[in-house]
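Asker: One structure coming up, written as structure tokens, with questions to follow.
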Amino acid sequence: MKALTVIPHQAHSAELSEVDEPPSTDGPILVATQAVGICGTDLEILAGDYGWAPPGRERLTLGHESLGRVLEAPSGAPVAVGDLVVGIVRRPDPVPCANCAVGEWDFCRNGRYTERGIKELDGYLSERYRITPEFVVRVEPALGTLGVLLEPTSVVAKAWEDVDRIGGRAHWAPVSALVTGAGPIGLLAALLGVQRGLEVHVLDQMTGGVKPDLVRALGATYHHGAIGDLGFAPDVIIECTGVATLVLDAMTHVGDGGVVCLTGVSSAGHLLSVDEGALNRNMVLSNVAIVGSVNANRRHYEAAADALARANHDWLARLVSRRVPLAQWSSALERRDDDVKVVIEVAPSLT
Ligand code: BGC
């Protein structure tokens, strides 16, 4: 079968390879991949900056934002033949650490977790894959191909859970939320904020194109410029860019008792000059909480599936801005101005 593979830490090594059928040791559920979303992590892997091949192998099959249809499932499995499903990305570490042992692999304590399509496990960008029942999530059939948004939504479902749990350290009745970055993660974070009944603001550098419209269509407010110029101090900031200046601005401008959740992965080497005394003083005197958030466990995938089912499907469809057939995979990896979420279609389009 065909799979899009890379040699991690070697730029421009991606190719459409002929690979073996998935081994039965990967699990009793066989899935035909329908579509796979491309995200910043994939682009980092393709650039040779991230990713690890399975032990003893040179190439890694890419793809962690998946949507597939079940071809085989044992009786008693949580999914049946024909179901649309998404594969969870992370697997617990083998020790396992205390968190992985209770299914909270997104909080792995020793870094020995593995991730499909990213770290030591083949991803989902192959015609078929196998999986075990505990790592597969059923998608509402009405979502169709939009189910490919489930994995990125799981990441923001976790971020919001973090915010709510941390906010709940005292009386917590947030009114306003700022999301920085209007990429897929930012837009999905904004969607979940609106679903929580918050007054949502999204700040991005783009002044035109589809992103401002997508924000407004959610009932949220679009801004560009600096956080300090917004004219209000948000109760919650979900930072989705990883841009150092925005991260610092978020820490400085969040409201008293507010929560800043950092979800953007930045590259090292950006040195800023910071008045750390003022930053610390403000954070302490205002009870500000900053939390980093990555990955998602099963609970977050389920929350994400629920959020997507409740969302306006026409709005979700606008997030999937480009669909590229597997044979033309390389054009899916180009960044174009009006791209929001680019998806590689592995099997012909669903209804
Ligand atoms: C994925 C996460 C993963 C993270 C770090 C993200 O793109 O969505 O599941 O944990 O990359 O590897």
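Asker: Within the accessible area of the stretch 33-146, what % is carbon and sulfur when the probe is 1.4 Å and the other protein chains stay in place?
Answerer: Values: 2210 of 4390 Å².
Roughly 50 percent of what the probe reaches on the stretch 33-146 is carbon or sulfur.
Asker: To continue, here is another question. Once the dipole of the chain is set up with Lys and Arg at +1 and Asp and Glu at -1 on Cβ about the Cα centre, which of Ile7, Val259, Met283 lies farthest towards its positive end?
Answerer: Result: Val259, furthest along the dipole toward the positive end.
Asker: Let me know the charge dipole size of the chain about its Cα centre in debye, to the nearest 20, where only the beta-carbon of Lys, Arg (+1) and Asp, Glu (-1) is charged. Write out the running numbers ahead of the final one.
Answerer: Numbers: 29 positive and 43 negative charges, 82 e Å.
Here the chain has a charge dipole of around 400 debye.
Asker: Over the stretch 154-292, what is the mean sequence separation of C-alpha contacts under 8 Å (at least six apart), divided by residue count, expressed as relative contact order in percent?
Answerer: Values: 245 pairs, mean separation 31.8, N = 139.
RCO, the stretch 154-292: 23 percent.
Asker: Another question about this same structure. Looking at the square roots a ≥ b ≥ c of the eigenvalues of the Cα gyration tensor of the stretch 154-292, which shape do they give, rounded for a/c under 1.5, prolate if a/b is larger than b/c, or oblate?
Answerer: On the way: a/c = 1.58, a/b = 1.17, b/c = 1.35.
Here the stretch 154-292 falls in the oblate category.
Asker: Suppose R0 equals 25 Å; then what is the FRET efficiency for His313 and Asp338 from their Cβ-Cβ distance, rounded to the nearest 0.05?
Answerer: Values: r = 20 Å, r/R0 = 0.81.
Efficiency for this residue pair is about 0.80.
Asker: Rounded to whole Hz and in sequence order, give me ³J(HN,Hα) for the stretch 110-122 from the Karplus expression 6.51 cos²θ - 1.76 cosθ + 1.60, θ = phi - 60°, writing x for Gly and Pro.
Answerer: Those phi angles translate into 10, x, 8, 4, 10, 9, 5, x, 10, 10, 6, 10, 4 Hz.
Asker: How do 75-82, 137-144 rank on mean C-beta neighbours within 10 Å, highest first? Don't jump to the answer; show the numbers that get you there.
Answerer: On the way: 75-82: 11.8, 137-144: 17.6.
In decreasing order of mean packing, 75-82, 137-144 become 137-144, 75-82.
Asker: Separate question: I'd like the FRET efficiency for Ser24 and Ala244, computed as 1/(1 + (r/R0)^6) with the beta carbon distance as r and R0 of 51 Å, rounded to 0.05.
Answerer: Details: r = 46 Å, r/R0 = 0.91.
After rounding, the FRET efficiency stands at 0.65.
Asker: Report, to the nearest 10°, how far helix 184-195 tilts away from the longest principal axis of the Cα atoms in the chain, using its own Cα long axis and a range of 0 to 90°.
Answerer: Here the helix axis deviates by roughly 70 degrees.
Asker: How high is the FRET efficiency between Met1 and Asp213 when r is their beta carbon distance and R₀ equals 51 Å, given to the nearest 0.05? Write out the running numbers ahead of the final one.
Answerer: Numbers: r = 39 Å, r/R0 = 0.77.
The computed FRET efficiency comes out at 0.85.
Asker: Give me the extension gain from Ser331 to Arg109: residue separation times 0.36 nm, minus the current Cα-Cα distance, reported in nm with one decimal. Intermediate results must be reported in sequence, preceding the final value.
Answerer: Working: separation 222, 0.36 × 222 = 79.92 nm, distance 3.74 nm.
Between Ser331 and Arg109, full extension yields 76.2 nm more.
Asker: Still on this structure: Roughly how many whole Å is it from the C-alpha centroid of the stretch 304-351 to that of the stretch 63-97?
Answerer: Here the two parts' Cα centres lie 20 Å apart.
Asker: On to the next question. Mind checking the log10 I(q)/I(0) for the chain at q = 0.08 Å⁻¹? Debye, one equal scatterer per Cα, no solvent, two decimals.
Answerer: For the chain, the Cα-only Debye profile gives -0.38.
Asker: Can you tell me the 0 to 90 degree angle between the C-alpha axis of helix 150-167 and the longest principal axis of the chain, rounded to 10?
Answerer: 30 degrees
Asker: Quick check: convex hull of the Cα atoms in the stretch 147-195, volume per residue, rounded to a whole Å³? Don't skip to the answer; put the middle values down first.
Answerer: Values: hull volume 3.5 nm³, N = 49.
For the stretch 147-195, the hull spanned by Cα atoms encloses 72 Å³ per residue.
Asker: Next question, about the same structure. Just the projected area, averaged over all directions, of the convex hull on the alpha carbon atoms of the stretch 47-92: how many nm²?
Answerer: Average of the hull's projected areas for the stretch 47-92 equals 5.0 nm².
Asker: Please list, ordered by chain and number, the residues whose modelled amide H lies under 5 Å from the amide H of Gly258; skip anything fewer than 5 residues away on the same chain.
Answerer: Hits under the 5 Å cutoff: Ala289.
Asker: Still on this structure, please answer the following. Roughly how many Å is it from the Cα centre of the stretch 143-202 to that of the stretch 114-140, as a whole number?
Answerer: A separation of 24 Å, based on Cα centres.
Asker: Specify the longest stretch of the chain that does not include any exposed loop site, a site being one of the chymotrypsin sites (Phe, Trp or Tyr not before Pro) with a non-H, G, I, E, B DSSP assignment and at most 16 other Cβ atoms within 10 Å. Don't skip to the end; give the middle numbers.
Answerer: Working: sites that count: Trp172, Phe232.
In the chain, the maximal stretch lacking such sites is 1-171.
Asker: With a 1.4 Å probe and all protein chains left in place, how much accessible area per residue does the stretch 154-292 have, in Å²? It would help to have the intermediate numbers written out before the result.
Answerer: On the way: 6250 Å² over 139 residues.
Normalised by residue count, the accessible surface of the stretch 154-292 is 45 Å².
Asker: Quick check: from the Cα gyration tensor, does the stretch 189-264 come out rounded (a/c under 1.5), prolate or oblate?
Answerer: On the way: a/c = 1.63, a/b = 1.23, b/c = 1.33.
Verdict is oblate for the stretch 189-264.
Asker: Hey, another quick one. Tell me the carbon and sulfur percent of the accessible area for the stretch 154-292, rounded to whole percent, probe radius 1.4 Å. Each step should come with its number before you reach the end.
Answerer: Details: 3250 of 6250 Å².
Carbon plus sulfur share of accessible area: 52 percent.
Asker: Which value does Rg/Rh take for the stretch 81-178 over its C-alpha atoms, Rh per Kirkwood? Don't skip to the answer; put the middle values down first.
Answerer: Details: Rg = 16.2 Å, Rh = 15.7 Å.
Looking at the stretch 81-178, the ratio lands at 1.03.
Asker: Considering Cα pairs under 8 angstrom that are at least six residues apart, work out the relative contact order of the chain and quote it in whole percent. Working shown, then result.
Answerer: Working: 793 pairs, mean separation 63.9, N = 351.
For the chain, the relative contact order is 18 percent.
Asker: Using helices alone, what [θ] at 222 nm do you get for the chain, with -39,500 (n - 2.57) per DSSP H run of 4 or more residues, divided over all residues and rounded to the nearest 500? Numbers along the way, then the final one.
Answerer: On the way: 10 runs with 93 residues, N = 351.
Per the formula, -7500 deg cm²/dmol.
The values are calculated or read from the model by the stated rules, or taken from the named source; none is laboratory data. On a predicted model such as this, the values are computed, not experimentally measured, just so you know. Cβ: placed from backbone, ideal geometry, glycine included. Neighbour counts: every protein chain shown. Note: accessible area is taken over every heavy atom of the protein model, side chains too, but ligands, DNA and RNA are not part of it. Shrake-Rupley method; radii C 1.70, N 1.55, O 1.52, S 1.80 Å.
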